[in-house]
Amino acid sequence: MLLRAVFLAELGKLRTLPIATATFIGAIVAGAAVAAAVATATWTRQAPLPFDEVLRWTVPTAQALFVLLGMLPIGQEHAGHQLRTTLLAVPKRGLLLVAKSAAALMLLLPAAAATVVACWLAAATAGLLSDGPGLERQSVATLVTDGAGAAAYLALIGALGYVTALLIRRLLPALAVVLGAVLLVSPVVAGLSEHARWLPDRAAALLYGGGDAVLTAGSGTAVAAGWILLIGGIGAVRLLRSDA
Amino acid sequence: MTMLWAAVRAELRKAATLPGSWAGIAVTVLGSVALTALNAGMTRAAIDAGQPESRAFTSAFENAFAAMPLGTVGAVIVGVVMMSSEYAANSPDAGGGRQIASTLTATPRRWTVLAAKAIVVVAVVLGSAALALPATLGVAAALIGAAGAETSTVAEQFARCLGATLYWSMSGLIAFAITVVLRGGIVPLIVLIVNNSLVSIPLLLSTITPLAFWLPDLAGRQLFGGDYLVEGGLDALPGALVMAAWTAALLVVAGVVFRRRDA
């Protein structure tokens, strides 16, 4: 049960990291705020909005905080000498990596689910209280499908942040690289070339909306997972072979 | 003035040895060139295939200028790291201190430190613009050449380049001022990169209230001219003045906060 002990230790470190709590709450609040704004903005259209349309506006904004959230399990280790202490307690780096990755997922998945639920609540409430179009009445199955897709996307983007931080090892540079790639390079390349579909965020975005001539939600997720495994694999080799 | 000049020289040396500064310059220059090459290549292919109407514009200048938003992110990175590097803790083996303590020991006058850093931020951004703009225009002209149809005069193109450079400089200074107040680079980096992406919060707010057009990034967007004109926003000159006022106000706030608190 060494893995369990290390996993619980990693969770404990995240639980006591103030920026992790702030980012967790910030992602939920930011998502809800944008969802409320979209549901009350009368420019979108006069008819009530389907939930996936609200998500199409909310998720790209919230993803920035999920990138940070995913980076924190690794970023905090390289601030100061915490990694040395961690490796002293857990000399087996492979075990540490598995436990840390599991702890990162434990942080990202509930945050993603909570953000999507908060988006729905905020959009529905804002629509009721304002003169805006509000939310369209949809079946529970549709709402759950759309919400689950958006939550999965946010978790994948957080995982992309995690593996990038694992490779680069410093929080600010990793943040600049991923945010620049996802928020700037990806949309611009998408406007210029159809091959942008193979970028990790573009491929994973099929989970919550939009269509593509080549990829489906499932194959898009596989492409994103492939990127995560590739970057994570290089980062893992670096962790296993380098000094602290 | 002698102390300010000495501080500027010191900050320039620090910036030259800071990897983050070079990352910001690389984003601006290399990113803009790469994007222009992609854009211009596709335009030339459309022209050669007899389908120029499939592209929004065939002008070499417009294809180069489409990469300008990336320069704003480079300027933000430069502005953030110029100050956030001061608050990054050293290795505990080296005492675990922060560079800001050494900086203020060498230059006790805090307004001098702030002014020197602001001058260096502008200098680095201007240097990036001096490299990026001609490079992107050269790449677009080489790829499209005379096949494209120019839609603006040389004077208009020059004015738009100056406007873009001014926007980048003020964005870098705003990022710098926010980082001084917050003493860290994570929040300004996230907020400002998100704001300069396609999911700009001020742009979303502008659909709810026209007051959002008075926010600095939206007010200054008219400086890019052309297709960057924002419906309902301020014109170029009033927008530039509003953005400059925001920049000055944030720098003053940063100076007051920096002056009054511990390092």
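The values are calculated or read from the model by the stated rules, or taken from the named source; none is laboratory data. None of the values given here were measured: they were computed from a predicted structure. As a convention, Cβ positions derive from the backbone with ideal geometry for all residues, glycine included, and neighbour counts pool all protein chains shown.
Quick notes on this one:
- Screening the candidates A:Ile25, A:Ile19 for the property of being within 10 Å of chain B (Cβ to nearest Cβ), of a type in the set (A, V, I, L, M, F, W, C) and in a helix (DSSP H, G or I) yields one hit, A:Ile19.
- Test: residue in region A:80-93 that is within 14 Å of another protein chain (Cβ to nearest Cβ), closer than 22 Å to A:Gly161 by Cβ and among the aliphatic types (A, V, I, L, M): yes
- Residue in region B:139-162 that is buried (at least 21 other Cβ atoms within 10 Å of the Cβ) and among the hydroxyl-bearing types (Ser, Thr, Tyr) present: no
- Residue in region B:201-226 that is farthest from the other protein chains (Cβ to nearest Cβ), counting only those that are among the polar types (S, T, N, Q) and crowded, with 19+ Cβ neighbours inside 10 Å: B:Gln222
- Flag if B:Thr165 is surrounded by 20 or more Cβ atoms within 10 Å (Cβ to Cβ), away from chain A (no Cβ under 14 Å) and not hydrophobic (A, V, I, L, M, F, W, C): yes
- Pair list, Cβ < 8 Å and 6+ apart or interchain, from region A:214-236 residues that are closer than 12 Å to A:Ala165 by Cα to residues that are aromatic (Phe, Trp, Tyr): A:Gly232/A:Tyr162
- Taking the criterion of being at pLDDT below 85 and buried (at least 16 other Cβ atoms within 10 Å of the Cβ), the residues of region B:77-113 that qualify are B:Ala88, B:Arg98.
- Checking A:Val178 against (1) modelled with pLDDT under 90; (2) in a helix (DSSP H, G or I), the condition it does not meet: (1)
- Put simply, of B:Ala135, B:Ala129, B:Ala115, B:Ala142 the only residue that is closer than 20 Å to B:Leu250 by Cα and part of a helix (DSSP H, G or I) is B:Ala115.
- When we screen A:Val38, A:Val54, A:Val29, A:Val98 for residues that are surrounded by fewer than 18 Cβ atoms within 10 Å (Cβ to Cβ) and closer than 30 Å to A:Arg137 by Cα, the only hit is A:Val29.
- Unmet requirement for A:Gly180, which otherwise passes all of (1) buried (at least 17 other Cβ atoms within 10 Å of the Cβ); (2) over 22 Å from A:Ala27 (Cα atoms): (2)
- Failed item in (1) within 14 Å of chain B (Cβ to nearest Cβ); (2) at pLDDT 90 or above, with A:Val188 passing the rest: (2)
- Scanning region A:111-149 for residues that are polar (S, T, N, Q) and surrounded by fewer than 21 Cβ atoms within 10 Å (Cβ to Cβ) turns up A:Thr125, A:Ser130, A:Gln138, A:Ser139, A:Thr142, A:Thr145.
- Hey, A:Ala159 of a type outside the set (D, E, K, R), buried (at least 18 other Cβ atoms within 10 Å of the Cβ), farther than 13 Å from A:Ala62 by Cβ and under 18 Å from the mean Cα position of the chain (by Cα) or not: yes
Okay, residues lined up against (1) in contact (Cβ under 8 Å) with a residue 40 or more places away in the chain; (2) among the acidic types (Asp, Glu):
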{"site": "A:Pro110", "(1), (2)": "no, no"}
{"site": "A:Ala113", "(1), (2)": "no, no"}
{"site": "A:Ala118", "(1), (2)": "yes, no"}
{"site": "A:Leu121", "(1), (2)": "yes, no"}
{"site": "A:Ala126", "(1), (2)": "yes, no"}
{"site": "A:Leu135", "(1), (2)": "yes, no"}
{"site": "A:Ala141", "(1), (2)": "no, no"}
{"site": "A:Asp146", "(1), (2)": "yes, yes"}
{"site": "A:Tyr153", "(1), (2)": "yes, no"}
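- Scanning region A:57-89 for residues that are surrounded by 20 or more Cβ atoms within 10 Å (Cβ to Cβ) and hydrophobic (A, V, I, L, M, F, W, C) returns A:Trp57, A:Val59, A:Ala62, A:Ala64, A:Leu65, A:Phe66, A:Val67, A:Leu68, A:Leu69, A:Met71, A:Leu72, A:Ile74.
- Filtered by the rule that a residue be small (Gly, Ala, Ser) and over 11 Å from A:Val29 (Cα atoms), region A:112-127 gives A:Ala112, A:Ala113, A:Ala123, A:Ala124, A:Ala126, A:Gly127.
- Selection of region A:160-185 for residues being free of Cβ contacts under 8 Å to residues at least 24 places away in the same chain, aliphatic (A, V, I, L, M) and within 9 Å of chain B (Cβ to nearest Cβ) yields A:Leu172, A:Ala176, A:Val177, A:Leu184, A:Val185.
- Of the criteria (1) touching a residue at least 24 places away in the same chain (Cβ under 8 Å); (2) within 20 Å of B:Met82 (Cα to Cα); (3) out of contact with any Ser or Thr (no Cβ under 9 Å at 6 or more places or on another chain), which one B:Val191 fails: (1)
- Annotation: of all residues in region B:53-62 being in contact (Cβ under 8 Å) with a residue 60 or more places away in the chain and more than 11 Å from chain A (Cβ to nearest Cβ), the one that is surrounded by the most Cβ atoms within 10 Å (Cβ to Cβ) is B:Ala60.
- Number of the exception - A:Ala64 against (1) in contact (Cβ under 8 Å) with a residue 60 or more places away in the chain; (2) within 14 Å of chain B (Cβ to nearest Cβ); (3) not in a helix (DSSP H, G or I): (3)
- Candidate set from region B:75-121 (those that are more than 30 Å from B:Phe224 (Cα to Cα), polar (S, T, N, Q) and in contact (Cβ under 8 Å) with a residue 40 or more places away in the chain); member that is nearest to the other protein chains (Cβ to nearest Cβ): B:Ser85
- Annotation: of all residues in region A:1-26 being free of Cβ contacts under 8 Å to residues at least 24 places away in the same chain and of a type in the set (Gly, Ala, Ser), the one that is surrounded by the fewest Cβ atoms within 10 Å (Cβ to Cβ) is A:Gly12.
- Sole residue being assigned to a helix (DSSP H, G or I), within 12 Å of chain A (Cβ to nearest Cβ) and farther than 23 Å from B:Ala149 by Cα, chosen from B:Thr36, B:Thr72, B:Thr43: B:Thr72
- Residue check, A:Gly209 closer than 18 Å to A:Leu49 by Cβ, within 11 Å of another protein chain (Cβ to nearest Cβ) and either modelled with pLDDT under 85 or surrounded by 24 or more Cβ atoms within 10 Å (Cβ to Cβ) (or both): no
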